[in-house]
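A.B. asks: So that we are looking at the same thing, I have put the structure below in structure tokens.
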Amino acid sequence: MSTAPDEPGAHALAEQAAARLRELTGTPRHDIALVMGSGWVPAADALGPAEVEIPVTELPGFSAPAVAGHAGTIRSLCLGDRRLLVFLGRTHLYEGRGVRPVVHGVRAAAAAGCRAVVLTNASGGLDPAWSPGTPVLIADSINLTATSPVEGATFIDLTDLFARRLRELCREVDPTLDEGVYVQFRGPHYETPAEIAMVAAIGGHLVGMSTVLEAIAAREAGLEVLGISLVTNLAAGVGGEPLDHAEVLRAGRAAAARMGSLLSAVLPRI
Ligand code: 8IG
């Protein structure tokens, strides 16, 4: 995306956001960032009360999220000896503002000192065994957005995009957790059954509209990435039911307690 010559670059803008975050939280650095997707806000509540909660629009480079169920605030809180930065809501590529705003939170978190990011989302599942409300670890991903957050000829290794170490930590806490390959579409429409058949053919297990571009930006910034997807519906044509955003939010609320205790157990060990 082209920008005016006097506009700050993406990384400079992230530095500005981190500086303002330090002022507003009175905290010199944060350790772990969490991005809470659709239906994940109740799980964020389970981490404990925010010491500071800031509307994202108070920080340079953020805009108010457009989607119901995406709160658009940032919390700072301590869990054990870790200082968490929790983003309630995210910017999606389908909002049409380009890639930079989609990954700005991750870049701001990196500039704020975070060494790891937990990216959560809600998704459609291709495996009929995943009933709505099933959490699945993201083992790898396929980017079908036809874009990248990386600007210029910077070649980022994505061999271990979603850190094996962090998936194994999650499985020590909950050995029943399944894993799968997450496929990011631009959206905002859901897929056709033919597209879901394509996803199955190329090795995908989960479909959604977020996370992969953020994970790439996080790797560029040197963060470890944990991805957890909450399957809230069967992908188009798998279950025979039409897809519905209200169903997504309901499944999130129902799974919140399990997700909250998983995160509370895993975060202190990251
Ligand atoms: I929740 O079935 C949720 N998000 N692309 N497809 C895509 N995104 C989703 C889906 C889905 N369910």
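A.B. asks: Could you pull out the residue among V238, V231, V225 that is near the ligand (Cβ under 10 Å from one of its atoms) and open to solvent by less than 10 Å² (accessible area, probe 1.4 Å)?
C.D. replies: After applying the criteria, what remains is V231.
A.B. asks: Looking at the structure I just gave you, is E172 away from the ligand (no atom under 16 Å from the Cβ) and either crowded, with 18+ Cβ neighbours inside 10 Å or farther than 15 Å from V212 by Cα (or both)?
C.D. replies: yes
A.B. asks: Considering only residues of segment 191-222 that are acidic (D, E) and surrounded by fewer than 23 Cβ atoms within 10 Å (Cβ to Cβ), which is nearest to the ligand (Cβ to nearest atom)?
C.D. replies: The qualifying residue nearest to the ligand (Cβ to nearest atom) is E191.
A.B. asks: While we're on this one: Got a sec? Which of A254, A217, A194 is out of contact with any Asp or Glu (no Cβ under 7 Å at 6 or more places or on another chain) and over 23 Å from L93 (Cβ atoms)?
C.D. replies: Among A254, A217, A194, only A254 is out of contact with any Asp or Glu (no Cβ under 7 Å at 6 or more places or on another chain) and over 23 Å from L93 (Cβ atoms).
A.B. asks: If I filter segment 182-190 for residues that are more than 9 Å from the ligand (Cβ to nearest atom) and surrounded by 18 or more Cβ atoms within 10 Å (Cβ to Cβ), do I get at least one hit?
C.D. replies: Yes.
A.B. asks: Every residue in segment 71-97 that is over 22 Å from S210 (Cβ atoms), open to solvent by 10 Å² or more (accessible area, probe 1.4 Å) and of a type outside the set (D, E), please.
C.D. replies: Answer for segment 71-97, where residues must be over 22 Å from S210 (Cβ atoms), open to solvent by 10 Å² or more (accessible area, probe 1.4 Å) and of a type outside the set (D, E): C78, L79, G80, R82, R83.
A.B. asks: Another question about this same structure. Looking only at strands (runs of 3 or more DSSP E) that lie completely in segment 115-233, which have at least 3 residues being farther than 21 Å from H104 by Cβ and in contact (Cβ under 8 Å) with a residue 60 or more places away in the chain?
C.D. replies: The qualifying strands (runs of 3 or more DSSP E) are 116-125, 134-143.
A.B. asks: While we're here: Within segment 111-136, restricting attention to residues that are more than 15 Å from the chain's Cα centre (by Cα) and among the hydroxyl-bearing types (S, T, Y), which residue is nearest to the ligand (Cβ to nearest atom)?
C.D. replies: Per the criteria, the residue is T134.
A.B. asks: Taking V67 as the residue in question, decide whether it is surrounded by 15 or more Cβ atoms within 10 Å (Cβ to Cβ), part of a helix (DSSP H, G or I) and either modelled with pLDDT under 95 or within 16 Å of the ligand (Cβ to nearest atom) (or both).
C.D. replies: No: the conditions fail for V67.
A.B. asks: Being open to solvent by less than 30 Å² (accessible area, probe 1.4 Å) and in contact with a Gly (Cβ under 8 Å, 6 or more places away or on another chain) is the filter here, so list the residues in segment 135-164 that pass it.
C.D. replies: Correct list: V136, L137, I138, A139, S141, F162.
A.B. asks: Still on this model: Would you be able to say whether some residue in segment 252-259 is within 10 Å of the ligand (Cβ to nearest atom), touching a Leu at 6+ places or on another chain (Cβ under 7 Å) and part of a helix (DSSP H, G or I)?
C.D. replies: yes
The values are calculated or read from the model by the stated rules, or taken from the named source; none is laboratory data. These figures come from a predicted structure and were not determined experimentally. Every residue, glycine as well, gets a Cβ built from its backbone with ideal geometry; the counts of neighbours run over all protein chains shown. Areas reflect the complete protein model, heavy atoms only, side chains present, ligands, DNA and RNA absent. Shrake-Rupley method; radii C 1.70, N 1.55, O 1.52, S 1.80 Å.
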